[in-house]
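Structure, as C-alpha cells:
The values are calculated or read from the model by the stated rules, or taken from the named source; none is laboratory data. Keep in mind that this is a model prediction, so the values were computed, not measured. All Cβ positions, glycine included, derive from the backbone under ideal geometry; neighbour counts span all protein chains shown. Surface accessibility is based on the protein's heavy atoms, side chains included, excluding ligands, DNA and RNA. Shrake-Rupley method; radii C 1.70, N 1.55, O 1.52, S 1.80 Å.
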Amino acid sequence: MGSKVVSRAEEFSCFLRSLQDDQSSNSYTYEEDIHMIKTKGDKITAVNVYSANQTIFVCEKALPKINGQGDELNTETSNCSADDDEDSCDVLHTEQGPQPLTVMKARELLSLYTLSQNPAVSAVDSKPILHPLWVRCDMCDPAGTAWFGAEPVCAGNKVTGVKLYSVTCKGSAVEKKSLVTLEELKQVHKNRHHPSSSGIKGSARFSLFGSTIVENTTIESQSSVTVDFKWSHVESILEIPPLSSTATLNIKVVCGDMRSPMFEMYRELEFLQTLADGLKTGETEWMEPVESPSAVNLTKAYLEELRNMAKTLQDQAAKTTETQKLKQETDPPIFNSFLERGDLDFVEQLWVQMRKSVTSYQDIGDCLKLVVEALRYGDLKPWIHRDSNSSLSKLILQSYHQQIDHVSLTGITPVTMLLEMGLDKMRKDYINYLIGEELTTLNHLCYYLSTEVDLQEQVTRLRKLHHLLEIIVTCGTFLGLPYDRLFVLTQSCLNHYKTSTYDEEHEFKLQIKPALISHFYQKEHPVVWGVEISSSQGLREVRTSLQLSDKPLVDHVIFKTDLPNETVNGDIEEPAFFSTMMCCSFTSFA
C-alpha cells in the first residue's frame with residue numbers, strides 16, 4: 001500500500017514538472033476531471049498574500065465536456081457530498097468560470113505533492129524545485145475551506161520542508177461583534193504554533209477615487225485611485241490606520257472620464273487619433289462636428305477677419321483670447337479646457353476650428369486650399385510660433401519672402417498636413433502645462449517631443465504624454481496632492497513610458513504621507529482591512545492572517561447572503577464585510 005502511494009506521488013510530481021517545463025502551454029488536464037494551471041500568484045486575490053511574486057500551480061475541477069449540440073452543460077450548484085452536513089455548506093458554486101474540488105480531494109492532492117517533495121521518500125535532490133501548489137476547495141467542510149496550498153522550503157537546492165496553507169472564508173457580516181476579535185486571532189496562532197514571541201502588523205486599502213454612488217445610483221468609472229496602508233502595533237480589528245503608517249497610492253487612470261478637467265483635451269486627442277487611423281487604414285469614422293457652420297465657411301470667415309485686421313499683433317492675440325473664451329462658454333462639457341493657452345498662433349487657431357467642424361477628407365482639402373491660395377497671393381501674413389514644425393508653418397515662413405513651394409493638395413497630403421498641425425499644437429499645450437507648473441524640463445521631454453520618428457509614433461508618444469497629464473491632473477485636482485508629490489509622480493510616469501507601451505490599465509505607485517489624505521479615509525470604510533500575526537524567522541516563519549473585505553476574495557463560489565454579492569456596502573451606516581482567514585504551518589523533512 002505504501003509503495004502504491006509513493007508511486008502515485010512520484011507520478012503526480014512528474015506531471016507537475018512537465019507542466020512547469022513546458023514553455024508552450026500553461027494548463028494540463030490531470031486524471032480527466034482535474035484542470036491544472038500555471039500562473040502568477042498575484043493574479044489570484046486570496047493567494048497573493050503568500051505567493052504574490054511567484055509562479056504557482058492552480059488546481060481546479062475541469063469543466064465537463066459537451067458531447068453533443070443538444071447536451072446541456074451539467075453545472076453543479078453545490079459540490080457537497082451526501083455525507084456533508086447541509087448546514088456546513090453555505091455557498092453556491094459559480095455556473096461559469098473556475099470550479100472547486102471537494103476538500104477531501106484537495107487534501108489528497110496536497111498529500112501527494114508533499115510526499116513527492118520529501119527527500120526521504122522521493123528522489124528530489126537532483127530535480128528543480130516545483131512551483132507552489134494551490135487547490136480550489138468547495139468550502140463544504142465545517143471550516144469553510146476555500147483554498148489549500150503547499151510550498152517547498154529550500155536551503156540552497158535542497159528541499160528541507162514544506163509550508164502548508166489553508167484559506168477559510170465566511171459570508172458577509174454587518175455586526176462588528178460577529179467578527180473574530182484580535183485576541184481570538186492571536187489565540188488561533190498560539191494554538192497552532194506555540195510561539196515564544198510573535199509580531200503583528202496591519203494593512204488596509206481605501207478607495208479615494210473611482211465609481212461613486214449618488215442617490216442610490218452607481219456612476220461607473222474605469223479609473224481608480226486607492227491607497228494601501230501598512231503599520232505595526234495593531235490594537236483592534238478594523239482600527240483606522242495611524243498617521244505613522246506607510247502609505248502607497250495605486251493610480252489607474254483611464255482617459256475619457258467626463259469628470260476630468262482634461263476631457264476637452266481628450267476629445268481633441270481623439271480627433272487626432274482619427275486622422276492617424278485614417279492614414280493607416282484608409283477608412284475614417286468622423287466625429288460629430290462641434291461647430292454648426294461648415295468647415296469651409298468657418299475658414300473663409302477666419303481668413304477674411306485676418307485680412308481686415310489693422311491692429312497690432314498684441315491686439316490680435318487679445319481679441320483671439322477673448323473670442324475663444326466666449327466660444328468656450330457655449331461648449332457643453334462639464335469643465336472648460338484645462339490647458340487653455342492665450343498665445344495660439346494662426347496655424348493652431350486654424351487647427352481648433354477645423355477639428356471641430358471637418359467631416360470629410362474633402363473638407364480638409366478645401367480648407368487648406370483656401371489658406372495656401374491666400375498665402376500665395378500675399379494678402380495674408382499670419383503670425384506663427386518660431387519653433388513650429390508643421391508643413392503649413394513652413395509654407396507660412398516661405399510666404400514672408402514671397403516664395404512658396406508648390407503643394408499638391410491631393411491624396412493623403414491634406415490629412416497629413418492637418419495631423420502635423422494638431423501634433424504641433426497639442427505638444428505645445430502639454431509643454432505649457434508641465435513646464436509652467438515646474439513638473440519637468442524640456443530635456444526630460446525630448447522623447448515625447450521628437451519629430452524624427454514617423455507620424456504614427458508621434459501620435460503614440462503624444463497619447464502617452466496625455467495619459468501622464470490625466471494622472472497628474474486627477475491627483476492634483478481631486479486629491480489635492482502637493483507639488484513635491486506631483487513632481488515625483490511626473491518623473492515616474494515619464495520614465496515608465498520611455499520604455500513601456502501605452503497602457504491605461506497600468507497602475508502607477510506613489511509613496512505619500514498619510515496626513516496628506518487623512519480627510520479622505522478617516523471617516524470612510526476600507527475596501528480591505530487586514531491583520532497578520534507572525535512568529536519564527538527566515539524559512540521557518542509562519543503566519544496567521546485575517547482579511548475583511550467589502551467583496552469576497554474567492555471567485556469560485558457565490559456566498560449565500562441577503563446582501564448583493566458584488567459589493568455589500570451601499571448607503572447602509574454599518575458596512576458588511578466578508579471574512580477570509582489564512583493559516584500557515586511548517587513541516588520539516590529533517
message: Leaving out ligands and nucleic acids, and using a 1.4 Å probe, what accessible area per residue does the stretch 109-199 come to in Å²?
response: 45
- request: Please calculate the 1.4 Å probe accessible area of Glu11, with all protein chains present, and give it to the nearest 10 Å².
  value: 110
query: Under a 1.4 Å probe, what is the accessible area of the stretch 348-493 per residue, stated in Å²?
result: 42
task: Compute, for Ser585, the solvent-accessible surface of its heavy atoms (probe 1.4 Å) with the complete set of protein chains present, and express it in square angstrom to the nearest 10.
output: 30
- prompt: Taking H as built 1.01 Å from N, whose amide H comes closer than 5 Å to the amide H of Thr246, not counting residues under 5 places away?
  reply: Lys230
- prompt: Which GluC sites (Glu not before Pro) in the stretch 136-192 pass both tests, a DSSP loop state and at most 10 other beta-carbon atoms within 10 Å?
  reply: Glu175
- prompt: Of all accessible surface on the stretch 415-495 at a 1.4 Å probe, what whole percent is carbon and sulfur?
  reply: 52
Long-range tail of P(r) for the stretch 403-479 (Cα pairs > 15 Å, %): 63
task: Compute the separation of the alpha-carbon centres of the stretch 363-432 and the stretch 487-517 and state it in Å as a whole number.
output: 36
task: Run the 1.4 Å probe and let me know the accessible area of Asp42, rounded to the nearest 10 Å².
output: 90
- prompt: Applying 1/(1 + (r/R0)^6) with R0 = 56 Å to the Cβ-Cβ distance of Glu184 and Glu437, what FRET efficiency is obtained, to the nearest 0.05?
  reply: 0.65
- prompt: Averaged over all directions, how much area does the convex hull of the C-alpha atoms of the stretch 435-590 cover when projected, in nm²?
  reply: 16.2
